[in-house]
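Every number in this text was worked out from the coordinates using simple rules, so none of it is lab data. Keep in mind that this is a model prediction, so the values were computed, not measured. So basically every Cβ, Gly included, is an ideal-geometry build from the backbone, and we count neighbours across all protein chains shown.
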Amino acid sequence: MKAVIMAGGFGTRIQPLTNSIPKPMLPIMNRPMMEHTIVSLRDLGIKEFIVLLYFKPEIIKDYFKDGKAWGINITYVIPDDDYGTAGAVKKAQEFIGNENFIIISGDLVTDFDFQKIFDYHKSKNSKLTITLTSVENPLEFGVVIANEEGIIQKFLEKPSWGEVFSDTINTGIYIIEPEILNYIPNNENFDFAKDLFPMLMNKGIDLMAGYAEGYWRDVGNPESYRDVYDDILSGKIKFKLDGEAIKYVDGVLIREEDNVIDESVEVVGIVVIGNNVTIKKGARLSNVVIGDNVTIGASSKICNTVIWNDVEIGKNVKLDGCVICNNNRIGKNVTAKSGMILAEGCEIGELAVVEQDVTIWPDKMIQEASIVSRSVILGSKYKNSIFENGLVIGKSNVELSCEMATKLAEAFGAQLPVGSTVLVSRDSSKSARMLKRAFLGGLLSSGMDVIDYRAIPSAVMRCSLSYHDEYAAGIHINQKLDDPTSTVITFYNHEALRINNDTAKKVEKAFFKETFRRVDYSRIGQIFPSDHEKEYAGYKKGMEELLQSHMFKCLNCRVAIDVMHGMSSEVFPDILNDMGVDNIMFNAHPDEQRLENINTLMKRSYEDMSAVINALKLDAGFMIYPHGQRLDILCDKGIVLSKQAALFVVLTLLNMEAKEKGVEKRVFLPTWAADFVRFEHLKIERGQYANFKSDQMKRYDLVTTGEGNFAFTEFATHRDSMYATLKILEMIVNHRVKLSELIEALPTFYYHTFQVPCTQANKGKMMRMFLEDSKGKKSSTLDGVKIWLDQHDWVLMIPDQYSDHLNLYIQAKTAKQGEHIYETYKTKIEEWIRS
């Protein structure tokens with residue numbers, strides 16, 4: 001058997017630890033992570049190793065050379081492009097030959113019994129065995145389910161919490177027979193999980209699940225890197241520590257040669273030190289790992305910390321839970337609280353204090369007596385990933401500084417062809433204005449031309465983007481609705497939809513690696529300012545062509561509209577007036593102060609709108625939220641409709657329209673939306689709303705999340721509360737109905753959403769337990785686990801993507817039944833967590 005080591009990753013998520021070394025070379029107990037894997041396989045008799053390289057290959061080659069120092073032979077393969085996991089292994093086919101082989105990542109730590117995995121593969125006469133294990137948080141891995149014979153039936157690569165149907169994950173360790181390589185195409189981007197495994201299953205080739213017990217951790221971010229050390233020092237993993245062990249009163253010191261350790265040094269727990277280490281008088285070390293060429297000053301107290309090579313620490317320094325990379329100098333009397341990451345080449349001056357969870361990026365100098373309360377990284381607090389669903393969110397002028405905005409723009413521009421045109425818009429806030437100007441500079445630097453829309457509703461910008469093929473992308477910058485101290489930058493593709501996860505990861509990689517495309521001076525982009533006249537005219541025309549605007553003028557229909565001090569006030573009053581909509585307008589002017597407390601503004605708007613609707617006998621009210629996507633509806637009695645009631649009203653109106661036209665309208669809803677009511681002329685599909693493309697959206701007449709967002713795709717494939725307002729009003733007028741009558745016709749049933757506390761560590765287990773509970777019942781795993789208890793009663797559990805709780809959605813015929821379902825499953829969840 002041969003071994004193929006995957007060692008080509010960029011290590012983007014674990015920055016800045018991988019600033020100058022590839023992730024497989026990160027030290028674990030003073031040896032590169034990959035070395036521990038190689039030694040484990042060598043000890044089982046594997047002598048031929050093939051190492052796949054891509055990022056900084058020379059560092060790995062210079063360290064391991066031909067492998068003879070370890071009693072093995074190493075062949076290096078460096079693909080000329082990114083061919084994906086399977087495509088890269090295909091490049092090594094000539095070196096693999098006719099032997100079976102193990103594939104394993106060079107950036108994981110495990111104590112699996114590989115011999116058991118080999119034996120299982122052989123006993124099953126398997127062509128391809130995937131090693132599985134159970135983990136607390138399966139989000140970053142491929143989730144797998146196999147039958148009782150060990151044949152894999154279903155797997156999902158890097159799911160969301162709502163898709164986690166098991167906590168049994170793909171470890172990325174495969175045993176493969178050589179003929180499987182013939183299924184992998186040459187010179188194509190081809191992935192094991194996304195491409196090869198589904199292909200083999202479709203061809204009827206069984207993929208076997210080899211369950212492994214023991215410790216396994218993918219070292220993907222700085223937190224997991226620290227966790228590995230905690231697990232080793234606490235004995236959670238079987239790990240051999242090299243060196244001479246010296247017992248102290250409260251601990252053990254494991255050291256190599258050529259060290260100078262004062263006899264007064266206190267050792268607590270396990271302390272590991274490399275070569276040429278000096279520890280001076282009165283120092284106290286507790287669960288610390290120290291590399292080579294390190295000096296620790298007198299009376300320093302260091303605990304739960306990893307120190308790499310060539311580090312000098314002054315006297316009376318206090319470090320707790322830190323990672324100190326190569327070539328750093330820390331002055332005397334410095335205090336660094338738990339979680340500091342000090343990247344290479346930095347210097348911290350005397351008496352400085354570094355607050356908790358601060359990351360200091362490479363080559364930074366911290367002046368004497370500084371108090372460092374935020375990360376020193378291009379003006380940004382360190383995050384494992386910058387994007388969340390196509391958005392970048394951060395504290396204005398702190399996490400999202402002008403420098404970070406510029407570099408984000410450079411990273412984004414590098415993904416587009418030189419000479420592309422990007423639309424940029426913002427709201428009226430000062431922070432958005434500032435960051436937009438910085439962002440423009442980065443786009444120009446990468447060779448982008450920019451049409452600067454300045455302050456304009458995002459819906460108008462997105463319409464312009466989707467209508468014109470010559471525009472490559474769009475950016476909108478606005479103040480965060482529920483946190484005025486933060487700014488949101490939203491990135492749109494050429495279809496005016498948020499960029500998907502793949503594009504976001506490419507931008508992040510360029511950002512962290514600073515692989516920007518700074519063009520020649522002659523190709524620097526230009527800014528073309530817009531006065532909005534053309535864009536507003538096109539936006540109005542699009543609405544007028546679709547809506548029967550003459551109806552508004554000839555019928556006695558009056559409504560209240562609240563634009564909540566948002567950018568819609570720039571264009572919507574004119575649209576309403578041009579279409580002849582008799583309206584009373586609220587809050588149609590910018591007011592940053594009122595937007596600083598959205599909850600107070602909402603409460604006041606509800607009260608004012610309700611009072612006016614009742615006093616003047618208006619037909620309806622519409623509240624358009626400041627960024628033009630969410631819409632709240634008030635009926636003719638001044639009652640604010642719940643999200644569920646608003647959804648029912650819109651679906652009822654759409655059903656009436658479909659019946660009148662003799663057609664069937666298609667609607668997309670999320671899995672959690674109530675389905676108690678059936679609509680004869682609507683074809684409703686339910687699923688997970690994520691990574692939609694424009695063509696997919698256009699298959700439906702209405703796409704809604706049920707959260708006050710409505711995308712009527714006849715106008716645009718994105719949410720637009722201004723068009724939704726007019727479309728809903730048109731249907732009300734056309735069918736001569738009152739919203740209060742529609743609400744009264746809504747059948748009485750129970751529908752409620754609950755949040756049940758659950759840590760990240762237990763979410764995968766809860767998905768598995770819900771799946772087990774669903775056996776023998778009608779169920780669905782489209783998004784989370786949905787269990788039908790009878791025809792109308794169901795419970796849906798979706799783990800929250802970001803917070804420590806489970807979302808429970810319950811529908812039932814009566815409140816009594818619904819509350820019983822809730823209590824039943826709340827009790828079950830609590831018992832499952834305790835078990």
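In table form, for the structure just shown:
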{"quantity": "Qualifying trypsin sites (Lys or Arg not before Pro) for region 736-835 [loop in DSSP, other Cβ within 10 Å: at most 13]", "calculated": "Arg736, Lys775, Lys777, Lys778"}
{"quantity": "Most positive-pole-ward Cα, Ser105, Thr131, Val51, against dipole of the chain from beta carbon charges", "calculated": "Thr131"}
{"quantity": "Dipole magnitude of region 422-469 about its Cα centre (Cβ charges: Lys, Arg +1; Asp, Glu -1), debye to nearest 20", "calculated": "300"}
{"quantity": "Set of aspartates and glutamates near Lys617 by C-alpha distance (under 12 Å), chain-local residues within fewer than 8 positions excluded", "calculated": "Asp636"}
{"quantity": "Between helix 501-513 and the chain: long-axis angle, C-alpha atoms, 0 to 90°, nearest 10", "calculated": "50"}
{"quantity": "From phi via Karplus (6.51, -1.76, 1.60), per-residue ³J(HN,Hα) for region 490-498 in Hz, x at Gly/Pro", "calculated": "9, 9, 10, 7, 5, 8, 6, 9, 4"}
{"quantity": "Relative contact order of the chain, defined on C-alpha pairs under 8 angstrom at six or more residues apart (%)", "calculated": "8"}
{"quantity": "Mean separation of Cα contacts under 8 Å, 6 or more apart, over the residue count of region 2-218: relative contact order %", "calculated": "24"}
{"quantity": "The chain, dipole about Cα centre (Lys/Arg Cβ +1, Asp/Glu Cβ -1), debye to the nearest 20", "calculated": "580"}
{"quantity": "About the Cα centre, charge dipole magnitude for region 2-218 (Lys/Arg +1, Asp/Glu -1 at Cβ), debye", "calculated": "400"}
{"quantity": "Options Phe10, Ser835, Asn202, ranked by Cα towards positive dipole end of the chain, top entry (Cβ charges)", "calculated": "Ser835"}
{"quantity": "Note, ³J(HN,Hα) from phi for region 740-754, Karplus 6.51, -1.76, 1.60, rounded to Hz, x at Gly and Pro", "calculated": "4, 5, 5, 5, 5, 7, 5, x, 7, 7, 9, 8, 8, 10, 10"}
{"quantity": "In region 379-487, GluC sites (Glu not before Pro) in a DSSP loop with at most 11 other beta-carbon atoms within 10 Å", "calculated": "Glu470"}
{"quantity": "Residue (of Ser428, Met365, Cys463) at the positive-pole extreme of region 358-480, dipole from beta-carbon charges", "calculated": "Ser428"}
{"quantity": "Backbone HN-Hα couplings from phi across region 759-774 [Karplus 6.51/-1.76/1.60, Hz, Gly and Pro as x]", "calculated": "6, 4, 5, 9, 5, x, 4, 5, 4, 5, 5, 5, 4, 5, 5, 7"}
{"quantity": "Of [x] 1.32; [y] 1.00; [z] 1.10, the label for Rg/Rh (Cα atoms, Kirkwood Rh) derived from the coordinates", "calculated": "[y]"}
{"quantity": "Using alpha-carbon coordinates, inclination of helix 222-233 to the longest axis of the chain, degrees", "calculated": "40"}
{"quantity": "Share antiparallel - DSSP beta bridges, region 302-446, percent rounded to 5", "calculated": "10"}
{"quantity": "Nearest 10 degrees, 0 to 90: helix 430-445 Cα axis against the chain principal axis", "calculated": "60"}
{"quantity": "Candidate lysines for bridging to Lys541, where Cα separation is under 21 Å - those fewer than 8 sequence places away on the same chain excluded", "calculated": "Lys553, Lys698, Lys727"}
{"quantity": "Value at 222 nm in deg cm²/dmol, rounded to 500, when DSSP H runs of n ≥ 4 in the chain each add -39,500 (n - 2.57)", "calculated": "-8500 deg cm²/dmol"}
{"quantity": "Cα-based Lys proximity count in region 387-530, under 15 Å, for pairs eight or more positions apart or on separate chains", "calculated": "11"}
